[in-house]
Every structure is written in structure tokens, then in C-alpha cells.
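Heads up: the structure comes next, in C-alpha cells.
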Amino acid sequence: MRRLFAIAAIAALYALPAIAAPTATEILTANKAASGGSVWDGKATLTTSYDYVGQGMTGTTRSTADLSSGHFVDDFHIGPMTGANGFDGKDGWAKDPSGAVTVQAGGDQRKLAVNEAYRWANGWWKKDFGGADIRYEGTKTDNNVAYDVLKVTPKDGKDFEAWFDAKTHLLMRIVEKQGAQTVTTTFSGYKSFDGAMLPEKTLIDDGSGAKYIQTVTLTKAEFTAKADNSTFSAPKVELNDFTIAGGAKEATFPIKIISNHIYSDVMVNGKGPYSFIFDTGGHNLLTPETAKALDLKMEGSMPGHGVGNGVKDIGITRLDTVKIGDLTLDKQQVFVLDFAGTGTEGYPMQGMIGFEAFRRFVTRIDYGRGTMTLIEPAAFDPKDAGTAIPFEMNGQIPQIKGTFEGIPGLFDIDTGARDEITLTGPFVAKEGLRAKHPKGVEAVDGWGVGGPARGYVTRGGELALGTVKIPNVVASLSVQEKGAFSDASYAANVGGGVLKRFIVTFDYEHRIMYLKPSTEPVTDVGTFDRSGMWVNEAKGGLEIMDVTKGGAAEAAGLKVGEIITAIDGKPASKTPVYALRRDWRNQAAGTAVALEIGTGKAARKVKLVLKDQI
């Protein structure tokens, strides 16, 4: 009888009339009422001030927003860093801690600014949701609290999730994809300010881990009359924190090209020289070892991301002088990050010159002649610089419009990348590129912040950067699920393997890149590893970090973790890993290489026969 009763009860339950799901309009109407209702209709400008705690630092932040348009400006003073960002309806912009102001229109930068403006204006309360597409995603429960979730896509913005407490109807959470990261912003402790409800506490979690969560606490909120739109425009800044010896307008210095990376000597605080890499995809950096050698004090513990899946701590410090050839940069704030990895390059990498330096100059890189020239922008003459290609800034990285095999996309230009081109995972999936390239191999083809990068490497067709065309590039179709190459906001990363074919000039002030074919012979292009493995330097020789399926190393019986102690009768530790990789790219298929593996009784000799993989 008990069993029959249970079945009858279940039948009765399913016979009850269904409760209609709330509509987006109902959810947002309830949200406006809970947030203060018509009180908001008479408000023009809101300025909010916050205390900041997070990532090993404390400080303050402030935001001013036009509540009609959503145009905004945010500024911060956190630890040793100051900066700002804003949106005036036309341009999103950022003032970085070095003081440079840059329009941000690459990747998803402008779309994210549009999203923030939409939320400041509470665009979803307006007629037709302020032009946004809004869809009900159902009720979700977290920690026993039910939320009505909406997917919101503002006009000219990108989609994000808005979570509203199903009981209080207040906005409690925003979930938004920003580049390769999913950022969750949580609001709590709502209080009334002049009749309008505002959250007292905001937590920002970019998915890097609990130690990196940022907390801002509202300390003041003030409603004022409508601000002039110039309040939200990028400020005019003149940077004068550098000198060139003899009053010259440009400085030329020698560079070395190793694994398609650019290296040169740099003096820091009068000490050195230190070997720095020059990277348009990076920032001004020191390694922790260099910072320690200079006895520098570091602050903060920010998350550092790169091509790999991992996260590394970033600190920040200040330098008195940075000297590159005849150029001296004064009072520079730089980041401290273990970006070099362990034995990945075979060449000292003690620091990095990146965006903060390049932003101040026109930068000419002559790969063939081995020189770099930093030119004061007012003194630059583009007459003989080559083909002009406009770019936008994607954070600190120049980004151009181009095509790969005729498919248009946005392409980051990265002198710090060793490869020719890496297509991002989302772009590869969207365009079905893997199926179009049946001949290829999945392998570790790079190593950076966060560890190894894996890709399906194949021989691609034509790459076009603006109107400049490069045929038959070696292309890596990224298989990374995290890191820079999992970002759906751009198509590809173009590295030194392509750029070294040219004299490359970057004019950051006017956002133009110039490409001029090199007058010197260009070697080591269009090739890919024939050894079938990735090796890094290790104690006693070279450690095998990855073995490619079907490649030469697998055929020779080599295993991950084994140590190569000798190569063709010479100690492996005597051969720079960058030179070895170059040889194993360029020596003909069928070339036999004699390896010794391990030491003592476990040592053995192996013949590695180089093999084409693409």
C-alpha cells in the first residue's frame, strides 16, 4: 500500500499546473524597484570611492559614470601603482602605471568598455533593454541561494551573465569572459545612498585562484549634476622620462636573434649588463633573480598568465634607470615575474623590454642587420619605412586585421613569440581548420609563462598582414584550453618566424606598423622540428619534456623524463638548446644523430633519425 500511495502522490504532483518562468522584463522591473525605483530617474552622474584589498596590496579606487550614457572613468592607486581607464562613447582607453595613455580597440577591449557603460547606465531598465539582446537562462542555485540568470548582449558589446537574487531581486553577480579569462564579479551588502541601493562590497575573481581575489569596499557615493563628456575622454599626457645621449633623437643598438627572439644588453640602476628579451607582447619585466641581484623591494602578488595553463606571481618594483644603448629611461616602474622558465631557451633571459618602453618611441627592428632603433615620435619620417599597416591595441599588444588562407581575423603581433603563426583554439574550431589540414602533428611547440604550449602543427597557406602576403607559413593550430591561445577575441598570434623576414617598424602613437622586406638573407624559415621531441636544459644534459606521436624520438624509443647526456659524442650540456633546436629543424630528414641517454649502468646509446613531421 505504501508503494501505491507514493506513486499516486507523484502522479498528483505532476498534475499540478506549471509555474511560469519569469520573463526578462519581469526580472528587470523587479530589480529596478528593489534598487530604488524611480529615484534613479532623476540621477545624472554618480561618483563612487572604494577601499581596495587584494593581490598583496591595498589602495583606493574611484569611478565616475554618466548614468544616462554610461560613459565612465575609473582611476586607481593600489600599492605603488596608479592608473586609469575610461570610455567616452567613442574610445575605450587605459592609462597604465608607467603613465602612458593608449586607446584600446583590439580584441574584446572596446566591447568590454561598452558592457561596463551599459551596466553603469542600467541599460536593461530602458525601453527595449537599451538596444541589448537579453534572454532568460533559467534559475541557478549557489550556496542554497536561488538566482534568476539573464544572458545580456549589449549593442556593440559582448554577452555576459547577470545573476539576480530571486527573493530580493538585487543584482548579485556578473560573469563575463574577458580575453582568455572568465571573470566573476560578486556584489553584497547593499545600502541606500540618497534612496538608491548600491553594493557595499564587490569581489572580483578572474579564475586564477583564491589568493588573487580582489575586494573593493564602498566608502563614499555621491550623485551630482551631469558631467561634461570630456570628463570621460582619454587625458593628454606628455612623457618625458627619457634622454638620448648627446641630445640625439634616436638611439640604435645591436640585437641578437636567437630562436626568433630579440635579445640585447641592458644596464639597470648602473649595473649589468643584463641580457633582456624585447617583446611587443610583453611588459617591462625583471626576473626574480635579477631583482634580487639588484637588491630591489617588491610589492604585490598579481596573477601572471601566458601561453601555458599555469599561473605565476607578478610583483612590482621601481628602477632608477634603465639604459639601452644611448637611451636612458628614468624612474621606471617594472614588473617582476619568473617568465624565463627553467632551461627553455639556452640563453640568459634576465629581463624584458616591452610595451612601456615601445609606447614612448617609434621602434625599428632590422632582424637581418641585427639592430634596433628607438626614435622620438616627432622625429620619425615614415617615407622609407615600408608598407603601412594600421593596428589597434589589444591590452599591451599591437593587433592588425589580416587573413589566414583567405579567412579574415584579428592578428596579434608578438616579437616575443618564436613561431611563425599560432591560430587560437576558438578560431581553429570556428573555421574548421583542423579538418582542412589532415597532414600535421600535435606537439609541444612553445614554452612560456604557465608552462608548455601545445598545438597541431601543419603547413599553412598564405598569411596576409594588411596587404603584405607571406606564403606557405608553418602554422600551429592551438589545442590549449587555457592561456592566451584559448581567447576567442582574436584569431592568431604572429611571431618572430614571420617578422624576421622584414624590417619592422612600430609607431605606437599613431598605431601603425610598417613592413619592409629585409635586404639581408633570411634563414631558418618555413621549417619545423624533425626530432619529434621537446627538450629543456637540465642537470647533466637535456631533459625530454615531450615526445611527439609518430615522430623520430618515438621511433627511437625515447621517453619523457629521460636525460640526453651526449649528442654525436659531445656532452649535451655543451650544446645550447636553441642551437640544437635550430639544427633539428634544418638538418635534412634521414640525418642520423647519435645520442647517449642517462648515466651509469642505466646509460644507453640511441640513434635518432630525423623525420619530417609536416
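Starting from the exponent 0.38 and prefactor 2.2 Å, build the expected Rg for the chain from its residue count and divide its actual Cα Rg by it. Spell out each step's value before the answer.
On the way: Rg = 27.5 Å, N = 614, 2.2 N^0.38 = 25.2 Å.
The reported ratio for this selection is 1.09.
Can you order the peptides 573-581, 28-36, 434-442 by their average number of other Cβ atoms within 10 Å per residue, highest first? Show your work: numbers first, answer last.
Numbers: 573-581: 16.4, 28-36: 18.2, 434-442: 14.4.
Answer by packing, highest mean first, reads 28-36, 573-581, 434-442.
Suppose R0 equals 41 Å. What FRET efficiency, 1/(1 + (r/R0)^6) with r the Cβ-Cβ distance, do residue 555 and residue 301 give to the nearest 0.05? Let's see the in-between values first.
Details: r = 45 Å, r/R0 = 1.10.
About 0.35, to the nearest 0.05.
Gain in length, residue 90 to residue 201, computed as 0.36 nm per residue apart minus the alpha-carbon separation, to one decimal in nm? Show your work: numbers first, answer last.
Values: separation 111, 0.36 × 111 = 39.96 nm, distance 3.02 nm.
Answer, rounded to one decimal: 36.9 nm.
Could you give the Stokes-Einstein D for region 42-91 in µm² per second, using the C-alpha Kirkwood radius, 4 °C, 1.567 mPa s?
109 µm²/s
Over the chain, what relative contact order in percent results from Cα pairs under 8 Å that are six or more residues apart? Please report the intermediate quantities before stating the final value.
Numbers: 1514 pairs, mean separation 68.6, N = 614.
11 percent.
Residue by residue through region 381-386, what is 3J(HN,Hα) from phi via Karplus (6.51 cos²θ - 1.76 cosθ + 1.60, θ = phi - 60°)? Round to whole Hz and write x for glycine and proline.
10, x, 3, 10, 7, x
Over what distance in Å are the Cα centres of region 536-614 and region 355-394 separated?
Measuring centre to centre over Cα atoms gives 39 Å.
Run down the lysines and flag those whose C-alpha is under 29 Å from the C-alpha of residue 570, throwing out any fewer than 8 positions away in its chain.
256, 539, 549, 559, 601, 605, 607, 611
Tell me what the chain gives for mean residue ellipticity at 222 nm when only DSSP H runs of n ≥ 4 count, each as -39,500 (n - 2.57), the sum divided by the residue total, rounded to 500 deg cm²/dmol. Intermediate values should be presented prior to the final figure.
Details: 10 runs with 76 residues, N = 614.
Value at 222 nm, helices only: -3000 deg cm²/dmol.
Residues in region 342-376 near a label at residue 250, defined as backbone nitrogen under 17 Å from the 7 Å Cα→Cβ point?
Residues 358-376 qualify, since their backbone N sits under 17 Å from the label point.
Assuming R0 = 60 Å, what is the FRET efficiency of residue 524 and residue 140, from their Cβ-Cβ distance, to the nearest 0.05?
Values: r = 52 Å, r/R0 = 0.87.
About 0.70, to the nearest 0.05.
With every protein chain left in place and a probe of 1.4 Å, what is the accessible surface of residue 133, to the nearest 10 Å²?
70 Å²
Sorted by average packing, counted as other Cβ atoms within 10 angstrom per residue and highest first, what order do 312-318, 350-356 take?
Working: 312-318: 19.6, 350-356: 24.6.
Ranked by mean Cβ neighbours within 10 Å, highest first: 350-356, 312-318.
Can you give the extra length, in nm with one decimal, that the chain gains between residue 241 and residue 604 once fully stretched, where that is 0.36 nm per residue apart less the Cα-Cα distance? Kindly include the intermediate steps, with their values, before the conclusion.
Working: separation 363, 0.36 × 363 = 130.68 nm, distance 5.81 nm.
My answer for the length gained is 124.9 nm.
Please turn the phi angles of region 526-535 into ³J(HN,Hα) values with the Karplus equation 6.51 cos²θ - 1.76 cosθ + 1.60 (θ = phi - 60°), one per residue in order, whole Hz, x for glycine and proline.
x, 10, 9, 3, 10, 7, x, 7, 10, 10
Starting from the Kirkwood Rh over alpha-carbon pairs, what translational D in µm² s⁻¹ does region 166-260 have by Stokes-Einstein at 25 °C and 0.890 mPa s?
Values: Rh = 19.1 Å.
Stokes-Einstein gives a translational diffusion coefficient of 128 µm²/s.
Tell me, what % of the accessible area of the chain is carbon and sulfur with a 1.4 angstrom probe?
Numbers: 14470 of 27580 Å².
Of the solvent-accessible surface of the chain, carbon and sulfur hold 52 percent.
Rounded to whole Hz and in sequence order, give me ³J(HN,Hα) for region 558-573 from the Karplus expression 6.51 cos²θ - 1.76 cosθ + 1.60, θ = phi - 60°, writing x for Gly and Pro.
6, 10, 4, x, 6, 10, 7, 9, 8, 10, 6, x, 10, x, 4, 5
Between residue 58 and residue 39, what is the label-to-label distance in nm when each label sits 7 Å out along the Cα-to-Cβ direction?
3.0 nm
Keeping all protein chains in the complex and leaving out DNA, RNA and ligands, what accessible area do you get for residue 407 with a 1.4 Å probe, in Å² to the nearest 10?
20 Å²
What is the distance, in nm, between label points placed 7 Å from the Cα along the Cα-to-Cβ direction at residue 321 and at residue 292?
Label-label distance for residue 321 and residue 292, simple model: 2.7 nm.
Show the residues, 5+ positions off or on another chain, whose built amide H is closer than 5 Å to the amide H of residue 449.
307, 308
For 376, 238, give the ranking by accessible area with the largest first, probe 1.4 Å. Before the final figure, lay out the partial values.
Details: 376 45, 238 160 Å².
Accessible-area ranking of 376, 238, largest first: 238, 376.
In nm, give the distance between the simple-model label positions of residue 467 and residue 47, each being 7 Å from the Cα along the Cα-to-Cβ direction.
4.9 nm
Mind scanning 155/211; 127/151; 331/516 and naming the pairs with a C-alpha gap bigger than 23 Å? Present the calculation step by step, with values, prior to reporting the outcome.
Working: 155/211 35 Å; 127/151 17 Å; 331/516 34 Å.
Those over the limit are 155/211; 331/516.
Show me the ranking of peptides 553-563, 104-114, 217-227 by mean Cβ neighbours inside 10 Å, starting with the highest.
Values: 553-563: 16.4, 104-114: 22.2, 217-227: 13.5.
By packing density, highest mean first, the sequence is 104-114, 553-563, 217-227.
If the cut-off is 18 Å between C-alpha atoms, which aspartates and glutamates fall inside it for residue 292, apart from same-chain ones fewer than 8 positions away?
313, 320, 338
If each residue of separation counts as 0.36 nm, what is the full-extension length gain between residue 384 and residue 516 once their alpha-carbon separation is subtracted? Walk me through the intermediate numbers first.
Details: separation 132, 0.36 × 132 = 47.52 nm, distance 0.85 nm.
Extra length available between residue 384 and residue 516 comes to 46.7 nm.
Tell me the accessible surface of residue 459 in square angstrom (1.4 angstrom probe, heavy atoms of protein chains only), to the nearest ten.
100 Å²
In square angstrom, what is the accessible area per residue of the chain with a 1.4 angstrom probe? Don't skip to the answer; put the middle values down first.
Numbers: 27580 Å² over 614 residues.
It amounts to 45 Å² per residue over the chain.
Using a Förster distance of 60 Å, how high is the FRET efficiency between residue 82 and residue 583, based on the Cβ-Cβ distance and rounded to 0.05?
Values: r = 48 Å, r/R0 = 0.81.
Taking R0 as 60 Å, the efficiency between residue 82 and residue 583 is 0.80.
The values are calculated or read from the model by the stated rules, or taken from the named source; none is laboratory data. Bear in mind that the values here come from a model prediction, so they are computed numbers and not experimental data. Cβ coordinates were reconstructed from backbone atoms using ideal geometry, including for glycine residues, and neighbour counts include every protein chain displayed. Ligands, DNA and RNA are excluded from the accessible area calculation, which covers all protein heavy atoms including side chains. Shrake-Rupley method; radii C 1.70, N 1.55, O 1.52, S 1.80 Å.
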